[in-house]
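The values are calculated or read from the model by the stated rules, or taken from the named source; none is laboratory data. In this text, all values refer to a predicted model and were calculated from it rather than measured experimentally. All Cβ positions, even for glycine, are placed from backbone atoms using ideal geometry, and neighbour counts span all protein chains on display. For the accessible areas, the whole protein counts, side chains as well, though only heavy atoms, and no ligand, DNA or RNA atoms are used. Shrake-Rupley method; radii C 1.70, N 1.55, O 1.52, S 1.80 Å.
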Amino acid sequence: GDSVTQMEGPVTLSEEAFLTINCTYTATGYPSLFWYVQYPGEGLQLLLKATKADDKGSNKGFEATYRKETTSFHLEKGSVQVSDSAVYFCALSDRNAGNMLTFGGGTRLMVKP
Amino acid sequence: DAGVIQSPRHEVTEMGQEVTLRCKPISGHDYLFWYRQTMMRGLELLIYFNNNVPIDDSGMPEDRFSAKMPNASFSTLKIQPSEPRDSAVYFCASSLLAGGPYFGPGTRLTVT
């Protein structure tokens with residue numbers, strides 16, 4: 001079945017550091033890929049998405065590129081802020097399975113001033 | 001748009017009681033999902049609907065859980081009887097086929 005694997009956290013960075021959170025996936029079809037962010041005490045917010053190979057999703061300085069050859073969708077940001085501290089979830093949606101999301105385990109990011 | 005609306009935001013109940021969680025999806029969305037989040041298991045899909053019809057309920061833990069979607073603007077998740085291990089945050093999400101689901105703020109359920 002479909003699965004998503006994320007790097008385990010927590011990831012601790014200083015403000016303005018470069019961020020990479022790794023995400024790889026396994027899917028039988030042609031999935032769409034997503035990153036969600038969850039701030040403390042809140043629900044999940046869609047951060048960015050990519051629907052086909054080589055697409056780049058971007059939002060709020062974050063970006064991720066759909067790499068079919070490496071089955072990856074790594075999240076990057078050039079300069080993190082304290083306000084980026086949250087849990088980040090990578091997910092895939094396989095049209096062969098309706099539109100349901102399969103989530104990775106989440107990666108907690110802590111940014112120190 | 002107000003986004004996905006869930007109620008209540010917090011629920012504390014005693015073991016054995018019935019619990020009903022409510023969700024209003026984003027208008028026009030034809031998919032609705034119920035997820036549960038715990039520290040131990042992360043995010044689990046419980047059930048999802050397409051055009052008000054349940055499509056996959058294989059994630060529903062057991063017969064104590066049931067979900068309904070009587071119309072396009074309302075869904076319920078019911079637990080009867082509730083148990084302490086049901087304590088979790090329950091999220092409702094809605095989407096169109098081509099897009100990623102949008103999540104509600106969640107209902108934090110505590111069963112004592």
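Quick notes on this one:
- Charge dipole (Cα centre; +1 on Lys/Arg Cβ, -1 on Asp/Glu Cβ; no other charges) of chain B amounts to roughly 240 debye.
- Taking every protein chain into account, the 1.4 Å probe leaves residue A:110 with about 80 Å² of accessible area, to the nearest ten.
- Estimated translational D of the stretch A:8-65 in µm²/s (Stokes, Kirkwood radius over Cα pairs; 25 °C; 0.890 mPa s): 184 µm²/s
- Proximal aspartates and glutamates to residue A:49, defined as alpha-carbon separation beneath 17 angstrom and excluding residues fewer than eight positions away on the same chain: A:63, A:76, A:94
- Within a Gaussian network of chain A (alpha carbon springs, distance under 10 Å), most fluctuating of A:60, A:77, A:49: A:60
- Taking trypsin sites (Lys or Arg not before Pro) across the stretch B:33-112, the ones in a DSSP loop with at most 16 further Cβ atoms lying within 10 angstrom of their Cβ are B:41, B:64.
- Computed extension length for residue B:55-residue B:74: 5.2 nm, one decimal, from 0.36 nm per residue of separation with the Cα-Cα distance subtracted.
- Dipole of the stretch B:12-110 computed with +1 at Lys/Arg Cβ and -1 at Asp/Glu Cβ about the Cα centre; of B:99, B:50, B:65, farthest Cα towards the positive end is B:99.
- The reciprocal of the average 1/r between distinct C-alpha atoms defines the Kirkwood hydrodynamic radius, which for chain A equals 14.0 Å.
- Residue with peak Gaussian network fluctuation, chain A [Cα springs, cutoff 10 Å], from A:91, A:50, A:27: A:27
- For the Cα trace of the stretch B:24-67, dividing Rg by the Kirkwood Rh returns an Rg/Rh value of 1.01.
- Coarse-grained scattering of chain B at q = 0.20 Å⁻¹, given as base-10 log I(q)/I(0) from a Debye sum over alpha-carbon atoms: -1.02
- Charge dipole (Cα centre; +1 on Lys/Arg Cβ, -1 on Asp/Glu Cβ; no other charges) of the protein assembly as shown amounts to roughly 220 debye.
- Computed with a 1.4 Å probe on the full set of protein chains, the accessible area for residue A:20 sits at about 50 Å².
- Placing R0 at 35 angstrom, the Cβ-Cβ distance between residue A:18 and residue B:39 gives a FRET efficiency of 0.75 after rounding to 0.05.
- Based on the Kirkwood approach, the hydrodynamic radius assigned to the protein assembly as shown is 18.0 Å, with every pair of different Cα atoms included.
- Relative contact order of chain A, pairs being alpha-carbon contacts under 8 Å that are 6 or more residues apart, as %: 36 percent
- A simple spin-label model places pseudo-atoms 7 Å from Cα toward Cβ; at residue A:71 and residue B:87 they are separated by 3.8 nm.
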